[in-house]
Structures are given as structure tokens and as C-alpha cells.
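Enquirer: First the structure, which I've put down as C-alpha cells, then a few questions once you've had a look.
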Amino acid sequence: CVFGIPTDVPEPRDDELGHDAGVARILVELAHASDGGIFALFTSHGALRRAADAVRGQLGGRWPLLVQGDGGQRDQLLRRFREAGSAILLGTDSFWEGVDVPGRALRVLILAKLPFKVPSDPLTAARLERLTDAGVDGFTHYLVPHAALKLKQGFGRLIRSKTDVGAVVLLDRRVVTKRYGRMILEGLPPAARAIGNWVDVRRGLEEFFAQHGIGAPV
């Protein structure tokens, strides 16, 4: 497994439009590099819809595009993804865990954003309030550990057996620019890392794909 982190994609909170554009561009470029076989996981339905709208016309019908919410239950989408062998599936929270796609059908996992809980969600807000009342920093001791666990679960969608090979690409540079990023990265499975501008990360991924026979036939 290789883990790519492009550092020139705008941070989602600072520049949502720029981040959306970066996600769409990288998704399309990775589809060409890997010949599909992509899971792209999002933390909100809004971000998923924007990505679907942005990439649909750029893929040229070469790879089946399966979008959560466009018809069909999760199991149906997963079956179609496995059977296609080169599909692109866009999903949200329910695809972060409990999904098993072993083998070549899934060879690239794109994580659009760090999976932080939304602080305004009633249950999350109540938990954070209780921690604050106890003198505990909720961000450090609740939101960050939860995001780390969720990211690890997302990472686990790709490598399901000793023979699985593929790339994980996280499009949220906060994991390397923020102090809490180290805590999140420490819990991930071992993988070679490609960190830097997208052009350099893409080159590293393409070399990995070529080494492992991933991509469109020549």
C-alpha cells in the first residue's frame, strides 16, 4: 500500500470551492492512472453531490460511476462495483466501515476529508459539553481520536488481505500541517508515504501502479 497526501489542495474549511475542485481533478486523474477501481469517500452528502456533478462529464463513460443516493441500496452498489472491476464509487459515512471488496476491483481509496464529527450535531455537542464541564479538551480527547479511528476504518477498506495492493489518497493536508495530524497518522497501518505537491504525489502513485501492474493496459 502507498499513502498519498497532496499538500497543495486547499483546506476544506478555508476554501470549500478550491477543495471541491481539487477533489474532482484528482479523482479524474487517478481514474486514468489506475483504470478505475476507485472508492471515493466523503464526510457529507453535499460534498459527494458536488464531486459527482463535477466529474460525471469528465469521465467520458469509460468507467461506471456509482453514486450513493442515485438509486440502489448500499449492497447493490457494492455488487455492481465488484462485478464491474473498474468502477468508481462515491459514498459517504455508511461506506467507511463494514465494507469488504477484496482483490483488484478496489485498488484506489480516496478520502476527501478527515472524518471529524460535526461539533453542532446534538449528540456530539452534548459529549463535548460534558468533557468541557469535566475540564477536558473535547477536541484533543474526543474529536481527534474519533477521526483517527474513522480514518483507520476507511484505510481498512482497501487492504483486506495479504495479497491486496493499492493506494490511499487523503485530500486533507491538515493531517501534515496541524499538530494533531501526528496523532492521527500514528494509528494508521504501515504504508509507503508520498507527501508533497499533487504533481509529485501523482508521479509516485503512477510508479507504484506500474510496479504492481495497476492501470490501463498498454
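Enquirer: Say whether the condition of being of a type in the set (A, V, I, L, M) and either under 24 Å from His146 (Cβ atoms) or under 14 Å from the mean Cα position of the chain (by Cα) (or both) is met by at least one residue in region 56-76.
Expert: Scanning region 56-76 turns up no residue that is of a type in the set (A, V, I, L, M) and either under 24 Å from His146 (Cβ atoms) or under 14 Å from the mean Cα position of the chain (by Cα) (or both).
Enquirer: Here's something else I'd like to know. Output the helices (runs of 4 or more DSSP H) that fall wholly within region 1-112 and possess 2 or more residues being open to solvent by 30 Å² or more (accessible area, probe 1.4 Å), out of contact with any helix residue (DSSP H, G or I) (no Cβ under 9 Å at 6 or more places or on another chain) and free of Cβ contacts under 8 Å to residues at least 60 places away in the same chain, or say none. Lay out the reasoning, then the answer.
Expert: On the way: elements: 16-34, 45-56, 74-84.
Helices (runs of 4 or more DSSP H) meeting the threshold: 45-56, 74-84.
Enquirer: Also: Return a yes/no flag: does region 150-161 have any residue that is in contact with a strand residue (DSSP E or B) (Cβ under 9 Å, 6 or more places away or on another chain), open to solvent by 40 Å² or more (accessible area, probe 1.4 Å) and under 25 Å from Asp20 (Cα atoms). I'd like the intermediate steps shown before the answer.
Expert: Initially, region 150-161 is screened for residues in contact with a strand residue (DSSP E or B) (Cβ under 9 Å, 6 or more places away or on another chain), giving 151, 154-155, 157-159.
If we keep only those that are open to solvent by 40 Å² or more (accessible area, probe 1.4 Å) as well, we get 159.
Retained after the next criterion (residues that are under 25 Å from Asp20 (Cα atoms)): none.
No, region 150-161 contains no residue that is in contact with a strand residue (DSSP E or B) (Cβ under 9 Å, 6 or more places away or on another chain), open to solvent by 40 Å² or more (accessible area, probe 1.4 Å) and under 25 Å from Asp20 (Cα atoms).
Enquirer: Within region 115-135, identify whether any single residue is touching a residue at least 24 places away in the same chain (Cβ under 8 Å) and among the charged types (D, E, K, R), and answer yes or no. Spell out how you get there, then give the answer.
Expert: Keep residues of region 115-135 that are touching a residue at least 24 places away in the same chain (Cβ under 8 Å), which gives 115-117, 119.
Next, from what is left, pick out any that are among the charged types (D, E, K, R): 117.
The answer is yes, given that some residue of region 115-135 is touching a residue at least 24 places away in the same chain (Cβ under 8 Å) and among the charged types (D, E, K, R).
Enquirer: Suppose the filter is over 24 Å from Val9 (Cα atoms) and either charged (D, E, K, R) or surrounded by 16 or more Cβ atoms within 10 Å (Cβ to Cβ) (or both); does Asp172 pass it? Full working, then the answer.
Expert: Working: over 24 Å from Val9 (Cα atoms): no; either charged (D, E, K, R) or surrounded by 16 or more Cβ atoms within 10 Å (Cβ to Cβ) (or both): yes.
When the stated conditions are applied, Asp172 does not pass them.
Enquirer: Taking only region 39-68 into account, find how many residues are of a type in the set (S, T, N, Q) and farther than 25 Å from Gly156 by Cβ. Spell out the reasoning first.
Expert: Taking region 39-68 as the starting set, the residues that turn out to be of a type in the set (S, T, N, Q) are 43-44, 58, 68.
After this cut, where a residue has to be farther than 25 Å from Gly156 by Cβ as well, the list is 58.
Matching residues across region 39-68 total 1.
Enquirer: What about Phe139, is it within 22 Å of Arg173 (Cβ to Cβ) and open to solvent by 70 Å² or more (accessible area, probe 1.4 Å)?
Expert: Against the criterion (within 22 Å of Arg173 (Cβ to Cβ) and open to solvent by 70 Å² or more (accessible area, probe 1.4 Å)), Phe139 qualifies.
Enquirer: Now a separate question. Could you identify the single residue in Ile184, Ile195 that is touching a residue at least 12 places away in the same chain (Cβ under 8 Å) and open to solvent by less than 80 Å² (accessible area, probe 1.4 Å)? Even if it seems obvious, please write down each step before you answer.
Expert: Values: Ile195 fails: open to solvent by less than 80 Å² (accessible area, probe 1.4 Å).
Exactly one residue qualifies, and that residue is Ile184.
The values are calculated or read from the model by the stated rules, or taken from the named source; none is laboratory data. These numbers come from a predicted model, not from an experiment. Glycine also receives a Cβ, built like all others from the backbone with ideal geometry; neighbour counts cover every protein chain displayed. Areas reflect the complete protein model, heavy atoms only, side chains present, ligands, DNA and RNA absent. Shrake-Rupley method; radii C 1.70, N 1.55, O 1.52, S 1.80 Å.
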